[in-house]
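The values are calculated or read from the model by the stated rules, or taken from the named source; none is laboratory data. Computed from a prediction, not measured in an experiment: that's the story for all the values here. Virtual Cβ from ideal backbone geometry, glycine too; neighbours counted across all protein chains shown. Accessible surface areas use protein heavy atoms only, side chains included; no ligands, DNA or RNA. Shrake-Rupley method; radii C 1.70, N 1.55, O 1.52, S 1.80 Å.
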Amino acid sequence: MTDESGGRGMEVFGFFNEIGIINQLSTALLAQCLPDGVHPSHFSIVNHLVRTGDGKSPVRIAAAMQVTKNTMTHSLKVLSERGFITVEPDPEDGRGKIVQLTEAGRAFRETAISNALDRFGDVIEAEHRDIMIRILGDLQTLRKHLDANR
């Protein structure tokens, strides 16, 4: 697939279009594995904090998740009410807050991942696993590049 000028623009569009569709489909599968009232976006916040370390400000998490401060405030409220995080005063900035994961939040993530692996395992066949394993490193490289150049 190429554009009319012979460039690779349409290939790039096609690539990101496929990733977007895969994201939508995989997010829908993940949603089936989460407790009622917990959305994939909430899981993503917990997963982000486990992956990159907690103790971050809500604004910093919102920037990483590319959502508004208001959206993040709502999501953090849901996670806090579930006992997955705490939002505490920042000891270095009296006006700021920091988000800390709780043991319940870490356990939630592990359970969600286990449930998702079971659910995805029902859908993904061996040939698809081989494709995923083969391209994972390249996708990680691309993600790091895009993250560094936002």
request  = Identify, by number, the condition in (1) within 18 Å of Asn47 (Cβ to Cβ); (2) in a helix (DSSP H, G or I) that Gln100 doesn't meet.
outcome  = (2)
ask   = Within the group Val59, Val99, which residue is open to solvent by 80 Å² or more (accessible area, probe 1.4 Å), of a type in the set (A, V, I, L, M) and in contact with a Gly (Cβ under 9 Å, 6 or more places away or on another chain)?
value = Val59
Ala116, sole failed condition from (1) surrounded by 15 or more Cβ atoms within 10 Å (Cβ to Cβ); (2) of a type outside the set (Lys, Arg); (3) at pLDDT 95 or above; (4) not in a loop (DSSP other than H, G, I, E, B) = (3)
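Each row is one residue, and each column tells you yes or no for (1) over 17 Å from the mean Cα position of the chain (by Cα); (2) within 30 Å of Glu81 (Cβ to Cβ); (3) of a type outside the set (D, E, K, R); (4) modelled with pLDDT of 95 or more.
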| residue | (1), (2), (3), (4) |
| --- | --- |
| Ala104 | yes, yes, yes, yes |
| Glu110 | no, yes, no, yes |
| Phe120 | no, yes, yes, no |
| Ile124 | yes, no, yes, no |
| His128 | yes, no, yes, no |
| Ile131 | yes, no, yes, no |
| Leu139 | no, no, yes, yes |
query = Which one of these does Leu29 not meet: (1) in contact with a helix residue (DSSP H, G or I) (Cβ under 7 Å, 6 or more places away or on another chain); (2) open to solvent by 80 Å² or more (accessible area, probe 1.4 Å)?
reply = (2)
